Amino acid sequence: MANKYFDVVIIGGGIIGSSIAYFLAAQKAFHCSILVVDKDPTYAQCSTTLSVGGIRQQFSTPENIEISKFGSSFFKSIDQYLAGSDINPDISFHEAGYLFLATERGISTLKNNYKLQRSHRVDVELLSPNQLKKRFDWLNVSDLAGGALGLSDEGWIDPYSLLMVFIRKAKSLGVKYLEDEVVGIDRNANIVTDIRLATDEKIVFKYVVNAAGPKATEVAQMAGINNLPVRPRKRFVYSFHCKTKIPDCPLVIDPSGVYFRPEGDSFICGVSPPESQDPDCLDFVMDYQLFEDVIWPTLAHRVPVFEAIKRGRSWAGHYAYNVVDQNAILGPHTKINNFIFANGFSGHGLQQAPAVGRAISELITFGSYQTLNLNKFSFERFGSGKLVKEINVV
Ligand SMILES: Cc1cc2nc3c(=O)[nH]c(=O)nc-3n(C[C@H](O)[C@H](O)[C@H](O)COP(=O)(O)OP(=O)(O)OC[C@H]3O[C@@H](n4cnc5c(N)ncnc54)[C@H](O)[C@@H]3O)c2cc1C
């Protein structure tokens with residue numbers, strides 16, 4: 001039996017793989033066949049659907065700011081991209097902003113980031129403790145030196161709805177989705193030629209895209225690429241209910257790294273651990289002690305009415321964590337030119353999906369980026385040492 005052939009095979013149908021599939025299929029200059037392979041069509045355990053859905057402009061690198069700017073404009077005009085005769089995108093964009101708080105120790109970094117963000121026309125305002133208190137009377141500002149509040153283009157969306165609408169639109173444009181697990185990638189010198197599936201099928205391609213999220217390193221290794229610095233790192237999300245209402249609450253990032261935001265009538269929150277306490281991990285076992293010992297005391301300190309809260313549903317998900325510089329890895333492998341990375345998004349891949357989908361579709365269609373130049377995120381940077389250091393990783 002002849003092997004199946006697709007011009008582009010995308011491994012992983014999460015938000016990154018499905019955005020790439022959509023933008024490729026929507027490229028007028030590209031009339032090719034596209035296959036997305038995902039082992040789990042429910043997407044119940046992928047990073048995308050377990051994420052917090054945050055969209056922000058407040059990054060510390062120009063490239064991430066520009067990527068998120070496109071993300072936000074995409075989400076705000078999503079109908080232009082993803083609506084169809086029977087597709088009505090509703091991703092529940094709550095444009096309530098991010099509030100980054102700083103003590104004396106962090107205020108100069110916050111101010112530097114603010115300057116950079118303003119130079120990229122980000123709608124962000126620097127607030128003194130008094131101004132913070134005036135705006136958010138529920139906030140304890142006693143130990144704060146200031147805060148930066150996003151006034152527009154920031155907030156959160158519903159990740160599951162976004163993923164579903166990307167998939168439906170991609171399918172409507174001719175993209176095929178296959179439920180199967182990629183278990184091998186065959187390579188002939190510096191060209192990858194086909195994927196092998198758990199069902200024993202082989203699929204031949206011109207390009208393969210690694211969009212396997214936390215499993216990106218496993219997939220790269222199938223092609224003999226053993227130095228992709230992406231590791232699965234577990235993150236917990238806890239919901240809680242507070243009887244006292246706190247009005248106009250943005251997504252708040254405490255100086256400790258603990259974050260919270262409204263979710264319906266309740267809130268969700270979490271914190272990233274220090275690097276030394278962040279092992280590689282692919283299980284979903286919850287840590288409730290982290291909430292009791294670290295998160296709740298921090299919440300109660302920052303918002304005194306959070307002293308009286310009731311914890312609700314909680315879940316764990318995984319970052320595809322780039323252990324070298326916490327940023328995306330995009331574009332072809334240095335030697336294997338038809339193996340394309342879209343990996344390592346750490347905590348900000350959801351909001352980067354539109355710009356990344358567009359960028360990878362440009363690379364495949366035209367051989368170079370046409371809109372945003374994302375060459376800085378190449379795999380090559382690990383060899384040249386030209387890293388992209390993002391300090392605002394939540
Ligand atoms: C708790 C948490 C909170 C987050 N909060 C935010 C946030 O507020 N804002 C933000 O922008 N980002 C956030 N993120 C990060 C964001 O969710 C991810 O960066 C993004 O979803 C990555 O998407 P992806 O498509 O690369 O990976 P995934 O969504 O994990 O998709 C990868 C897919 O690949 C498939 N796959 C893997 N291996 C194989 C194989 N061998 N064969 C077939 N299929 C395979 C998997 O089944 C999966 O469906 C958060 C992440 C977590 C875990």
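Each value in this text was obtained by applying a stated rule to the coordinates, not by laboratory testing. These figures come from a predicted structure and were not determined experimentally. Positions of Cβ are backbone-derived with ideal geometry, glycine not excepted, and every protein chain shown enters the neighbour counts.
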**Prompt:** Within the set of pairs 6 or more residues apart or between chains, which connect a residue that is within 17 Å of VAL141 (Cα to Cα) inside the range 95-112 to a residue that is assigned to a helix (DSSP H, G or I) with Cβ atoms less than 7 Å apart?
**Reply:** PHE100/LEU110; ALA102/LEU110
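Considering only residues that are farther than 19 Å from GLY349 by Cα, assigned to a loop (DSSP other than H, G, I, E, B) and either in contact (Cβ under 8 Å) with a residue 12 or more places away in the chain or touching a helix residue (DSSP H, G or I) at 6+ places or on another chain (Cβ under 6 Å) (or both), which ones fall in the range 201-227? Spell out the reasoning first.
So in the range 201-227, the residues farther than 19 Å from GLY349 by Cα come out as 201-208, 221-227.
From what's left, assigned to a loop (DSSP other than H, G, I, E, B): 201, 223-227.
Within the range 201-227, GLU201, ALA223, GLY224, ILE225, ASN227 qualify.
Inspect the range 325-341 for any residue being touching a Cys at 6+ places or on another chain (Cβ under 8 Å) and surrounded by fewer than 20 Cβ atoms within 10 Å (Cβ to Cβ) and give the result as yes or no. Lay out the reasoning, then the answer.
Filtering the range 325-341 for residues touching a Cys at 6+ places or on another chain (Cβ under 8 Å) gives none.
Checked against the condition, which is being touching a Cys at 6+ places or on another chain (Cβ under 8 Å) and surrounded by fewer than 20 Cβ atoms within 10 Å (Cβ to Cβ), the range 325-341 yields no hits at all.
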**Message:** If ARG358 satisfies all but one of (1) more than 12 Å from the ligand (Cβ to nearest atom); (2) outside any loop (DSSP other than H, G, I, E, B); (3) more than 22 Å from VAL8 (Cα to Cα), what's the number of the condition it fails?
**Reply:** (3)
**Residue list for the range 361-383, restricted to those being under 20 Å from ILE10 (Cα atoms) and part of a loop (DSSP other than H, G, I, E, B)** = GLY367, SER368, TYR369, LEU374, SER378, PHE379
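Name the single residue that is nearest to the ligand (Cβ to nearest atom) among those in the range 129-188 being under 30 Å from ALA102 (Cα atoms) and in a strand (DSSP E or B). Write out each step before concluding.
Filtering the range 129-188 for residues under 30 Å from ALA102 (Cα atoms) gives 129-159.
Within this subset, residues satisfying the condition of being in a strand (DSSP E or B) are 146-150, 155-156.
Values: GLY146: 23, GLY147: 19, ALA148: 17, LEU149: 17, GLY150: 13, GLY155: 10, TRP156: 7 Å.
Among those that are under 30 Å from ALA102 (Cα atoms) and in a strand (DSSP E or B), it is TRP156.
Look through the range 42-62, keep the residues that are of a type outside the set (Gly, Ala, Ser), more than 6 Å from the ligand (Cβ to nearest atom) and outside any helix (DSSP H, G or I), and return whichever of them is surrounded by the most Cβ atoms within 10 Å (Cβ to Cβ).
ARG56
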**Message:** Restricting to the range 355-375, and then to whatever is more than 18 Å from the chain's Cα centre (by Cα) and closer than 30 Å to ILE253 by Cβ, can you tell me which residue is surrounded by the most Cβ atoms within 10 Å (Cβ to Cβ)?
**Reply:** ASN375
**Request:** Determine, yes or no, whether ASP200 is surrounded by 15 or more Cβ atoms within 10 Å (Cβ to Cβ), more than 11 Å from the ligand (Cβ to nearest atom) and of a type outside the set (Phe, Trp, Tyr).
**Result:** no
**Asked** Counting only residues that are buried (at least 16 other Cβ atoms within 10 Å of the Cβ) and touching a residue at least 40 places away in the same chain (Cβ under 8 Å), which one in the range 121-139 is farthest from PRO255 (Cα to Cα)?
**Response** VAL122
**Asked** For the range 271-344, list the strands (runs of 3 or more DSSP E) that sit wholly inside it and hold at least 1 residues that are touching a residue at least 24 places away in the same chain (Cβ under 8 Å) and basic (Lys, Arg); which are they?
**Response** 309-322
**Prompt:** Of the numbered conditions (1) over 17 Å from the mean Cα position of the chain (by Cα); (2) more than 11 Å from the ligand (Cβ to nearest atom), LYS39 satisfies every one except a single condition; which is it?
**Reply:** (2)
**Message:** Condition (residue is loosely packed, with under 15 Cβ neighbours inside 10 Å, aliphatic (A, V, I, L, M) and in contact (Cβ under 8 Å) with a residue 12 or more places away in the chain) applied to the range 10-32: is it met by at least one residue?
**Reply:** yes
**Item:** Hits in the range 10-22 - residues which are among the aliphatic types (A, V, I, L, M) and either near the ligand (Cβ under 6 Å from one of its atoms) or under 10 Å from ALA211 (Cα atoms) (or both)
**Value:** ILE10, ILE11, ILE15, ILE16, ILE20
**Prompt:** Within the range 225-251, restricting attention to residues that are of a type in the set (Val, Ile, Thr) and more than 13 Å from the ligand (Cβ to nearest atom), which residue is surrounded by the most Cβ atoms within 10 Å (Cβ to Cβ)?
**Reply:** ILE225
**Prompt:** Since MET222 meets every condition but one in (1) under 30 Å from LEU132 (Cβ atoms); (2) within 14 Å of the ligand (Cβ to nearest atom); (3) touching a Gly at 6+ places or on another chain (Cβ under 6 Å), which condition does it not meet?
**Reply:** (1)
**Those residues of the range 113-127 which are more than 22 Å from the chain's Cα centre (by Cα) and among the polar types (S, T, N, Q), in sequence order** = SER119
**Message:** Checking the conditions here, which among ILE195, ILE167 is over 27 Å from LYS76 (Cβ atoms) and in contact with a Phe, Trp or Tyr (Cβ under 8 Å, 6 or more places away or on another chain)?
**Reply:** ILE195
**Asked** Filtering the range 342-354 down to residues that are polar (S, T, N, Q) and within 16 Å of LEU228 (Cβ to Cβ), which residue is surrounded by the fewest Cβ atoms within 10 Å (Cβ to Cβ)?
**Response** SER346
